[in-house]
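The structure appears right after this line, and notes come after that.
The values are calculated or read from the model by the stated rules, or taken from the named source; none is laboratory data. No experiment lies behind these values; they were computed from the predicted model shown. Cβ coordinates were reconstructed from backbone atoms using ideal geometry, including for glycine residues, and neighbour counts include every protein chain displayed. Note: areas computed on protein heavy atoms with side chains; ligands, DNA, RNA excluded. Shrake-Rupley method; radii C 1.70, N 1.55, O 1.52, S 1.80 Å.
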Amino acid sequence: MPSPDSVPPFSFELHTRLRDSPTLPEERVRENGGQFQARTGTITTPHGQIRTPAFIPVATQAAMKAVLPESMAAEGAQAMLANAYHLFLEPGDDVLDEAGGLGTFMNWPGPTFTDSGGFQVMSLGSGLGKVIDMSTVANPLGDSQMAPGQKRMARVDDDGVWFRSYLNGDLHRFTPEVSMRVQHNIGADIMFAFDELTTLHNTREYQETALERTRKWALRCVAEHRRLTEERAHKPYQALFGVIQGAQYEDLRRQACRDLSEMGFDGFGIGGALEKSQLGTIVRWCTEELPENTPKHLLGISEPDDIFTAIDNGVDTFDCVSPTRVARSSAVYSPTGRFNLTNIRFKRDFTPISDTCPCYTCTHYTRAYLRHLFKSKERNAATLASIHNERFVLDLVAGARAAIEADTYFEYRDEFLGTYYGAPSTSPVPSETGGPR
């Protein structure tokens, strides 16, 4: 066994590849449009390991809404993701640095991620809000227009972005160097390079411009990351992931992958605008180009069909705010689909949300009680529903991981999706990506 001094501060070990399975049917590969990239592995960080594929719950402001970190640990979460932009505004990245880093500050002992603030380039710049629409855009806004009724709060130039604080209106400047400094102060194990997130509303011409801007920002992020790593050598090492943009365009996505692969990133995030029907294809373009021995993170995805599509095509980790966001409006996941607990039919339903779910909520509470909490506007309604939804997604992905190892992945995937979307009262939910990354 190697000594602690010989263990690298960050590494990725590949275990099982689905495409190596002797039972993989050729018709499956043809249906997928290309070779399956699904695999299992282990990401090692200074604060622990992440067994992949893995879902990473979102704690945007160093907190999950209505849920304690201890609850997430008990439900099997392996890591948490926070947002650099939000923490920069409140309480300030210097406060987290003084506290000993994100994990110490929020009492989370495991690995942590931070997004760069790139999501806010889009959400505040276009006024499209917290969700990236994955459906076809019939009437795109174009490159300079705002969403109806919105005011532009971010402006992009080649050097960086001017942000108007959503808290008090103060003006702030984010550049690749500022994003790196903020994320180093926050102290997450894995952080992302500063990027310009585009939407399906943008033209091909603007996608090309934004992609070149993101490439140049990536080079600046790498340089500043190296400088800060040397300057802060007394701190645990923080891995830096490059972010792949390029929207729906194969040539742009593949070029972005080739460009960023040469920069020495520890891993990669796959982000940006894409249609739901193109999710698997676009992810596969990227995983085919990126170095196999690096982890890949998909930014903002959580619906079951999208999760399996992402895993099919080589995603190792992914995050999304959706499980807790929908939980706060009483929507919960079950093996036979998503439903709202406030429905009148649950008033005298004294069964758990799911008979097969081992989460704290299903072990202790009934649908009738949860409906009562929501109707009474009790705050613990959101807590209990969020715990269940997070556990549902965590277990879904843990099952996929085990199935890849056991060479039963397609049986697991098909049974899960057939049950979830096959119930008469349930239909696939339109996907949403992002949230306050």
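Which condition does GLU275 not pass, out of (1) open to solvent by less than 60 Å² (accessible area, probe 1.4 Å); (2) more than 23 Å from PHE36 (Cβ to Cβ); (3) acidic (Asp, Glu), if it passes all the others?
Of (1) open to solvent by less than 60 Å² (accessible area, probe 1.4 Å); (2) more than 23 Å from PHE36 (Cβ to Cβ); (3) acidic (Asp, Glu), only one is false for GLU275: (2).
Any idea which residue in segment 243-265 is nearest to ASP115 (Cα to Cα), counting only those that are buried (at least 22 other Cβ atoms within 10 Å of the Cβ) and in contact (Cβ under 8 Å) with a residue 40 or more places away in the chain?
Here the residue is VAL243.
Please go through segment 332-356 and give me each residue that is within 14 Å of HIS372 (Cα to Cα) and either among the acidic types (Asp, Glu) or crowded, with 18+ Cβ neighbours inside 10 Å (or both), ordered by number.
Result: LEU341, PHE346, ASP349, PRO352, ILE353.
Identify all residues within segment 309-331 that are buried (at least 24 other Cβ atoms within 10 Å of the Cβ), farther than 22 Å from LEU240 by Cβ and touching a Lys or Arg at 6+ places or on another chain (Cβ under 6 Å); write none if there are none.
ASN313, THR324
Consider ASN343 against the criteria (1) within 12 Å of the chain's Cα centre (by Cα); (2) farther than 14 Å from GLY246 by Cα: it satisfies all of them except one. Which criterion is unmet?
The number of the failed condition is (1).
Please go through segment 42-55 and give me each residue that is at negative phi and touching a residue at least 40 places away in the same chain (Cβ under 8 Å), ordered by number.
Result: ILE43, THR45, PRO46, HIS47, GLN49, ILE50, ARG51, THR52, PRO53, ALA54, PHE55.
Those residues that are assigned to a strand (DSSP E or B) and out of contact with any helix residue (DSSP H, G or I) (no Cβ under 8 Å at 6 or more places or on another chain), I need them from segment 158-175; list them, please.
TRP162, LEU171, ARG173, listed by residue number.
May I ask you to verify whether LEU240 is in a helix (DSSP H, G or I) and open to solvent by less than 60 Å² (accessible area, probe 1.4 Å)?
Here the answer is no, as LEU240 does not meet what is asked.
So which helices (runs of 4 or more DSSP H) stay within segment 1-113 end to end and still have 3 or more residues that are at pLDDT 95 or above and surrounded by fewer than 16 Cβ atoms within 10 Å (Cβ to Cβ)?
69-74, 93-99
Being over 19 Å from VAL178 (Cβ atoms), β-branched (Val, Ile, Thr) and in contact with a His (Cβ under 9 Å, 6 or more places away or on another chain) is true for just one of ILE244, ILE282, ILE270. Which residue is that?
Values: ILE244 fails: in contact with a His (Cβ under 9 Å, 6 or more places away or on another chain); ILE282 fails: in contact with a His (Cβ under 9 Å, 6 or more places away or on another chain).
From the options ILE244, ILE282, ILE270, the qualifying one is ILE270.
For the structure I just gave you, tell me whether GLY127 is under 30 Å from ASN202 (Cα atoms), surrounded by fewer than 22 Cβ atoms within 10 Å (Cβ to Cβ), modelled with pLDDT under 95 and more than 25 Å from the chain's Cα centre (by Cα).
No, not satisfied.
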